[in-house]
Amino acid sequence: MNKWLNWIREHRKDWPIFFSIVIGFLNTEVATPFILRGIFGLNGKALGVAAGIWASTELSWWFYFSGWLYKNKIRKLAAIKEAIDLGQEAKEFDFRKFLLPKRGDPYFIVKIKDFIRNHSIDNFDPDKYQEDHFFNNLINALKVFGYILTCSLVFIMGLLPLWWIFALMVCRLFRWRLAYAVLFIGNFLKNYWLALIYDKVGFWWWITLFFVSALFMSYIFKKIVNNIKKMNENHR
């Protein structure tokens, strides 16, 4: 036990990583049925409003964390460069390496590490999206649309399950206040309506509808972005 406490104290400056792991497991889709309804017994509009507030709080954290992650990466790179310049060994702790599955890890440990790495760190790393072809196509399309249409699409992405992550990265890139505002509004409304649907149909129908709608809307949205990309290429 003391060994774990010492390890946590040693890496206390990386507290946002630990907090993000907790947030990743207590996301709105988990909180709505198991906490807001299961523990607090909310239903109807009260459940919807609570889910919207929970989602807005969660989104606020990921906004902070994505900025912290980028600045922290720059700090680590600077420390590594300084160590190399001084001919010393760079000993910065790398969470991604720590969270990679190791030989001999039990299956459930591997899955937990993959989940944490994919949903609590990589999704909010701005550098990761530089090599994402779809994200680059999306950004190129949005640059053509201009201010109002781009903010409108950010609002639509905020309404779609799972697409708020892309929308957040778009907002971080453009840094438009209106884009941030409409993302929060869209995300609140989405979770408000999802909570009302859950209240009517129950957990299993709700989770099924959630994933089906996420896959369907992702397919439609990707088609739209790809068609816009082709139109832009044809006009060059």
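Total residues in the stretch 33-73 satisfying the condition of being aromatic (Phe, Trp, Tyr), within 19 Å of Ile197 (Cβ to Cβ) and touching a Phe, Trp or Tyr at 6+ places or on another chain (Cβ under 7 Å): the figure is 0.
Residue-wise test of (1) modelled with pLDDT under 75; (2) out of contact with any helix residue (DSSP H, G or I) (no Cβ under 8 Å at 6 or more places or on another chain); (3) surrounded by 12 or more Cβ atoms within 10 Å (Cβ to Cβ).
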position: Leu183; (1), (2), (3): no, no, yes
position: Leu189; (1), (2), (3): no, no, yes
position: Leu196; (1), (2), (3): no, no, yes
position: Gly202; (1), (2), (3): no, yes, no
position: Thr208; (1), (2), (3): no, yes, no
position: Lys223; (1), (2), (3): yes, yes, no
position: Asn227; (1), (2), (3): yes, yes, no
position: Asn234; (1), (2), (3): yes, yes, no
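In the stretch 45-74, the residues that are in contact (Cβ under 8 Å) with a residue 60 or more places away in the chain and assigned to a helix (DSSP H, G or I) form no Cβ pair under 7 Å with any partner that is surrounded by fewer than 16 Cβ atoms within 10 Å (Cβ to Cβ) and of a type in the set (Ser, Thr, Tyr), whether six or more places apart or across chains. Residues in the stretch 18-28 that are under 13 Å from the mean Cα position of the chain (by Cα) and in a helix (DSSP H, G or I) were compared, and the one that is farthest from Gly52 (Cα to Cα) is Ile21. The condition (being surrounded by 16 or more Cβ atoms within 10 Å (Cβ to Cβ) and at pLDDT 65 or above) is satisfied by just one residue among Phe40, Phe63, Phe145, Phe134: Phe63.
Say we look at the stretch 160-170 and pick out the residues that are buried (at least 17 other Cβ atoms within 10 Å of the Cβ) and without any contact (Cβ under 8 Å) to a residue 60 or more places away in the chain; which of these is farthest from Trp62 (Cα to Cα)? Among those residues, the one meeting the criterion is Pro161.
The values are calculated or read from the model by the stated rules, or taken from the named source; none is laboratory data. Worth saying up front: this structure is predicted, and the values here are computed from it rather than measured. Note that each Cβ is placed from the backbone with ideal geometry, even for glycine, and that neighbours are counted across all protein chains shown.
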